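Novice: Below are the structure tokens for one structure; questions will follow.
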Amino acid sequence: DGHINNNNPAVIIVCPKNGFYEEVVNVFPGIHVQGVNETINYAVKVRGGFIFTGSYSGDNFVDNASVTNIFIQDNIAGDECIEYSTITPTTFVLDKITIRKTTTNSTAMLLNASNGNLIASNIFIDSNQNNINIEILQGGFTNPFSFSVITGGARAIRKTGPDQALFLGLTINYDRDDAAILIEQGILIFGLGGITNNNAGLNASAIFVNNGAILSFNNGTLIVADNGLNKAISGQAGGIFSYLLTVFATSNNRVESALTSLLQNSTPNFV
């Protein structure tokens, strides 16, 4: 394809075919994979995944890779559909990606990118088993998920690293007896989106904030099934909930009283 090094990037066009491409693709800096989607039913389908282990050459402009217009169903090895792993300041761009985890118990998207940058938009993830949809292990990066949808799974997002993650315009539809988002460490910023958890189980909530973690929720809507015990935002003492123009609907105890709530110059609306 002409790709020799990071300074000689290559665009790889993948055409649709009858059935799936069954492979795990290692993507390197300078490689940009673009699927050709002629129609929604005749798109580029992959039964496998993409792994980007970015390496830095000293040029931020060329040290990036991208995957666009791809439908991914599970992973033939039972691992992640998308994995971004690096300790260098590379950038991984994802756009118009559909991920469906139906047959394996693993993570749909794994981010372990210390110093890396993930830019994701128009992402649709659907998990029908005990899968984590997005697992953020570590990384000093900001990863905006814009105009994206997450449904199903054992958890929509689990954040375990001490960094900052940004989700803008993200819709989460969740129905488990637990929190859709678990923030174990660091800061998670959620804005211009919404979370729905229609499960009336004892621990159903939209977001759980651990001790020392921070949630900044701005201009969004939380809808949680109300059984008298559920909370829109739950968590531990020492967790921080910062909010602006938040709308809570159909949840009885809306915010865990143990959390430290910080108002950002407005009053939340209660429906």
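Novice: Going through region 30-52 one residue at a time, which ones are modelled with pLDDT under 85 and within 16 Å of ASN64 (Cβ to Cβ)?
Specialist: Across region 30-52, the qualifying residue is only GLY30.
Novice: Follow-up. Restricted to region 88-113, and to residues that are buried (at least 19 other Cβ atoms within 10 Å of the Cβ) and among the hydroxyl-bearing types (Ser, Thr, Tyr), which residue is nearest to ASP74 (Cα to Cα)?
Specialist: Among those that are buried (at least 19 other Cβ atoms within 10 Å of the Cβ) and among the hydroxyl-bearing types (Ser, Thr, Tyr), it is THR104.
Novice: Another question, then. Exactly one condition in (1) open to solvent by 10 Å² or more (accessible area, probe 1.4 Å); (2) more than 22 Å from ILE123 (Cα to Cα); (3) part of a strand (DSSP E or B); (4) not acidic (Asp, Glu) is false for PHE241; which is it?
Specialist: Only one criterion is unmet by PHE241, namely (1).
Novice: Quick one: would you say VAL11 is within 19 Å of GLY78 (Cβ to Cβ) and either surrounded by fewer than 16 Cβ atoms within 10 Å (Cβ to Cβ) or modelled with pLDDT of 75 or more (or both)?
Specialist: Details: within 19 Å of GLY78 (Cβ to Cβ): no; either surrounded by fewer than 16 Cβ atoms within 10 Å (Cβ to Cβ) or modelled with pLDDT of 75 or more (or both): yes.
So VAL11 does not fit the description; no.
Novice: Checking GLY201 against (1) out of contact with any strand residue (DSSP E or B) (no Cβ under 9 Å at 6 or more places or on another chain); (2) crowded, with 18+ Cβ neighbours inside 10 Å, which test does it fail?
Specialist: Every condition holds for GLY201 apart from (2).
Novice: Which condition breaks for SER261 when tested against (1) under 26 Å from GLY152 (Cβ atoms); (2) in contact with a Phe, Trp or Tyr (Cβ under 9 Å, 6 or more places away or on another chain)?
Specialist: So the condition that SER261 fails would be (1).
Novice: On to the next question. With respect to ILE82, is the statement that it is modelled with pLDDT of 85 or more and within 12 Å of the chain's Cα centre (by Cα) true? Working first, answer last.
Specialist: Numbers: modelled with pLDDT of 85 or more: yes; within 12 Å of the chain's Cα centre (by Cα): yes.
Judged against the criteria, ILE82 is a match.
Novice: Suppose the filter is buried (at least 17 other Cβ atoms within 10 Å of the Cβ) and not in a loop (DSSP other than H, G, I, E, B); does SER251 pass it? Please lay out each step first, then the result.
Specialist: Numbers: buried (at least 17 other Cβ atoms within 10 Å of the Cβ): yes; not in a loop (DSSP other than H, G, I, E, B): no.
Spelling it out, it is not the case that SER251 is buried (at least 17 other Cβ atoms within 10 Å of the Cβ) and not in a loop (DSSP other than H, G, I, E, B).
Novice: While we're here: Quickly run through region 114-138 and pick out the residues that are more than 15 Å from ARG158 (Cα to Cα), in contact with an Asp or Glu (Cβ under 9 Å, 6 or more places away or on another chain) and open to solvent by less than 10 Å² (accessible area, probe 1.4 Å). Please lay out each step first, then the result.
Specialist: In the first step, residues of region 114-138 are kept if they are more than 15 Å from ARG158 (Cα to Cα); the result is 114-124, 126, 128-129.
Subsequent filtering for residues that are in contact with an Asp or Glu (Cβ under 9 Å, 6 or more places away or on another chain) retains 114, 119-123.
Matches in region 114-138: ALA120, ILE123.
Novice: Within region 154-166, how many residues are open to solvent by less than 10 Å² (accessible area, probe 1.4 Å), modelled with pLDDT under 90 and not aliphatic (A, V, I, L, M)? Working first, answer last.
Specialist: First pass over region 154-166, keeping only residues open to solvent by less than 10 Å² (accessible area, probe 1.4 Å): 156-157, 159, 161, 165.
Okay, now just the ones that are also modelled with pLDDT under 90, so 161, 165.
Still in the list and also not aliphatic (A, V, I, L, M): 161.
The qualifying residues number 1.
The values are calculated or read from the model by the stated rules, or taken from the named source; none is laboratory data. In this text the structure is predicted, and so the values were computed from the model without any measurement. Using ideal geometry, Cβ is built from the backbone for each residue, glycine included, and neighbour counts are taken over all protein chains shown. Ligands, DNA and RNA are excluded from the accessible area calculation, which covers all protein heavy atoms including side chains. Shrake-Rupley method; radii C 1.70, N 1.55, O 1.52, S 1.80 Å.
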